[in-house]
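Report on one structure; see the data block that follows.
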Amino acid sequence: MKAILYKDLLQIRRNTGLLIMLIVAGTLSVLLIGTAAIIRPGVVLAGIMLQATLITFLMSVVPTCAMELIRSDIGNGTLAAFKASGRPNRQYLIAQMIAALVPSGTLGALIVLVFRALVPSLHTVIAGEQGLLLTVEPLLAALILFLWSIFFKGKVLIMTTTTTAQSLTSSPTTGGTQSSADRMAHSPIAVSVRDMTFGYQKSKPVLSHISLDVPAGQSIGILGYNGVGKTTLFGVILGLLRPQHGDAVINADVFPSMRDVFQLTDSNNLTADLTVRENIRFRTMLYATREHPNPVDLAHLEDLPMVKAFEIGDHLDKKVKELSSGLKKRAGIVTGMLFDPKLIMLDEPTNAVDPLTRQLLIELMRQLRADGRTIMTITHDLDYCWSVTDRVVILDNKHLVKDCMTHDFADYQAFTEAVTLGRGKTDVDFGLHAGKAISDTTSTTK
Ligand SMILES: Nc1ncnc2c1ncn2[C@@H]1O[C@H](COP(=O)(O)OP(=O)(O)OP(=O)(O)O)[C@@H](O)[C@H]1O
């Protein structure tokens, strides 16, 4: 809760849009108070003006703040991180409620006091029953709007689903070299997807009847063309999306806490308005337990091997939104890896990184794989996949169409042919000749 409030506070402070809105709402309130103080209205008009002031302030600020914070938390992976911290979901909602309602409630009370002091006709009214109605009504309305905004962004509530404790037996592995198969044969299932169907709209499934068991210690690549549903599959496994049919679980016998799970999303799980250091601090607060109050040594971040290896020491105090895409990716990987995850779920980790960082990432994954971590990687980078995975599955047209062991392939070429489903395109007509023909005609005319 402390972590969420810390993040919310920094986020509001650095969100220009929200600050402008607060200033506009504040100015309108001051104008209304000022007018009331000058014209000294009667009880009825003064009551209306007081309510108008409270409504202007509370109703615009509370839902907007709540929506903005929750929206960005969904987008930047904060919710995934929160879920991964293993804390009860109600803590998130309570923290957001405190962040939205306590400051606005306090300011609301202040507005009432100022009104009372400046408008004599309200003295007796505010002290009485009517006064309670006058002041509590807008606060109640703000609370209802706050709840509505959470329901409107209903994904937050879906956090209460899936990832459940289940004892699962060993996984069927298809093919593979003897050594890989042996290594996995007796491993418990780390992630299990059973006959799972999901669509963003009920009538249009993105994934249909997917079944996939990932044994602990396996490094698996999830491939498929753009838009086939790879990221969606991660969302379902992590419990951020609710399947329409079947289920997807992370085995709690293997990963007793969701703290063991690290997911690298498109947004690299970083809050854009915060610096890299603040993001790490936020995650440290989120992951702190009584036994381990400081899971990461914040005082010596620069000296940590992971920070040094990915060379982000010089960028720790820059806001994430000011970093290049590659640096964001590096910061996201470091932020997640500092907490020593056992299940690593990466969504296009080599996207946008330079060749040296890519090589570094491959080396890191090799070491983690040798260390027995379970790694699931969504990638279009076949060379990376060839280097660090034991197994690849391919999604196509809503289904899981291929499931094979990397070392079953004689060489890289055979691997690429198989995983592109034989759809490699050469000799494609891009209409360039037509363009040339036009330019030829033009030059002839000249
Ligand atoms: N929030 C959303 N609401 C509605 N449709 C969505 C949403 N997110 C994704 N989709 C759709 O679901 C389908 C699968 O998207 P997803 O991002 O899972 O694909 P992907 O395989 O990860 O693609 P890529 O390789 O381009 O990253 C796409 O058609 C996409 O347009």
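Annotation for segment 22-127: trypsin sites (Lys or Arg not before Pro) lying in DSSP loop with at most 12 further Cβ atoms inside 10 Å of their Cβ do not exist. In this rough spin-label picture, where each label sits 7 Å from Cα along the Cβ direction, the residue 186-residue 298 distance is 4.4 nm. Label point of residue 318 set 7 angstrom out along Cα-Cβ; within segment 347-387, amide nitrogens under 16 Å from it belong to 352-354, 357.
The length gained by stretching the chain between residue 102 and residue 380 to full extension, at 0.36 nm per residue less their Cα-Cα distance, is 95.4 nm. Sorting 356-363, 407-414 by average packing, meaning the other beta carbons within 10 Å per residue, from highest down gives 356-363, 407-414. Straightening the chain between residue 123 and residue 402 buys 92.9 nm, computed as 0.36 nm per residue apart minus the Cα-Cα spacing. For segment 332-363 and segment 384-409, what is the separation of their C-alpha centers, rounded to whole Å? When both Cα centres are located, 19 Å separates them. A simple spin-label model places pseudo-atoms 7 Å from Cα toward Cβ; at residue 420 and residue 288 they are separated by 5.1 nm. Over 26 Å apart at the Cα level, from the set 230/342; 202/230; 318/342; 83/342, are 318/342.
Can you give me the Cα centroid spacing of segment 32-64 and segment 260-287 in angstrom? Distance between centres, Cα-based: 41 Å. DSSP beta bridges confined to segment 178-419 are antiparallel in about 55 percent of cases.
Considering all different alpha carbon pairs of segment 216-355, the Kirkwood hydrodynamic radius works out to 16.3 Å. Determine the shape class of segment 178-419: with a ≥ b ≥ c the square roots of the Cα gyration tensor eigenvalues, call it rounded for a/c under 1.5, and otherwise prolate if a/b is greater than b/c, oblate otherwise. In terms of gyration-tensor shape, prolate.
In what sequence do 40, 369 fall when counting other Cβ within 10 Å, fewest first? Fewest-to-most ranking of 40, 369: 40, 369. Rounded to the nearest 20 debye, the dipole size of segment 2-158 about its Cα centre is 560 debye, using +1 on the Cβ of Lys and Arg and -1 on the Cβ of Asp and Glu.
For trypsin sites (Lys or Arg not before Pro), the sites in segment 279-317 that DSSP calls loop and that have at most 12 other Cβ atoms within 10 Å are 290.
Since every read-out is calculated from the coordinates, none of them should be taken as a lab result. On a predicted model such as this, the values are computed, not experimentally measured, just so you know. FYI the Cβ positions are ideal-geometry reconstructions off the backbone, even for glycines, and counts take in every protein chain you see.
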